[in-house]
């Protein structure tokens, strides 16, 4: 090392300062790239998020970032593509009336992203508002219409109430003709949140928060297989064991079974 520094006419202190600065710059570039990847992953699931909600979503993922950086991110440049709306928008029939008298009377659905190392996968879920039970879910490394349709297919084996309702946000999968057609085949009425209003689907947003804070953030899955296993374990725990105050300390399935008995 000494002879190289001598040939280059560089002092030892100067060399180490250069190496430190280079390392710092590389770290900043990597941080910027990872931030953009996280924002894109969130935006693919929630294309209607503005910079405030995007900043909050990043914070919930453990990424504290100034909102100005979010505004300057690549997501703004891609908004015309991801913001393209589907051709079918249902009325907000649910209208935040989250109470249901019977099982499979009012259902809500949504997709969330799951961090796997430095990449992402996607979880599609359907919840029954009668007892907050997760009645269908699918996991995929692609956030597409097929993920949503596969989740819907699981409802074919359920005893659905007449005039049953399935509520979602206005994500691109939920505003397609294919989604509308599948609901008609299942004899389920569609309902959409108002654009950009997460409170219209607050119950399932709350579930995603529990899933991440109580399981995924603890295990930090590094592979899709590990993530699937963790989600599967939590689904079983949530439905069968996780008590809820609104159901007098019973889990979703305990509440349903007690009502039937």
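Please treat every number below as a calculation from the coordinates, not as lab data. Nothing here was measured: the structure is a model prediction, and the numbers come from that model. So basically every Cβ, Gly included, is an ideal-geometry build from the backbone, and we count neighbours across all protein chains shown.
If I stretch the segment between residue 66 and residue 194 completely, what's the gain in nm (0.36 nm per residue apart, minus their alpha carbon distance), one decimal? Mind dumping the intermediate values first?
On the way: separation 128, 0.36 × 128 = 46.08 nm, distance 2.72 nm.
Contour length minus Cα-Cα distance gives 43.4 nm.
How would you classify region 106-260 from its alpha-carbon gyration tensor, with a ≥ b ≥ c the square roots of the eigenvalues: rounded for a/c under 1.5, else prolate if a/b is greater than b/c, otherwise oblate? Could the numbers behind the result be given before it?
Details: a/c = 1.65, a/b = 1.08, b/c = 1.54.
Verdict is oblate for region 106-260.
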Length released on extending from residue 236 to residue 178, taking residue separation times 0.36 nm less the Cα-Cα span: 17.9 nm
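Test of understanding: what is the full-extension gain from residue 210 to residue 59, defined as 0.36 nm times their sequence separation minus their Cα-Cα distance? Can you show the working numbers first?
Values: separation 151, 0.36 × 151 = 54.36 nm, distance 1.51 nm.
Result for the pair: 52.8 nm of gain on full extension.
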Per-pair calculated FRET efficiency, R0 = 30 Å: residue 257 and residue 186 via Cβ, rounded to 0.05: 0.75
Inter-probe distance in nm under a simple model that places probes 7 Å from Cα toward Cβ, at residue 52 and residue 163: 3.7 nm
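Is the shape of region 196-254 rounded, prolate or oblate, going by the alpha carbon gyration tensor and its root eigenvalues a ≥ b ≥ c, with a/c under 1.5 for rounded and a/b larger than b/c for prolate? Spell out each step's value before the answer.
Working: a/c = 2.55, a/b = 1.25, b/c = 2.04.
Cα axes put region 196-254 in the oblate bin.
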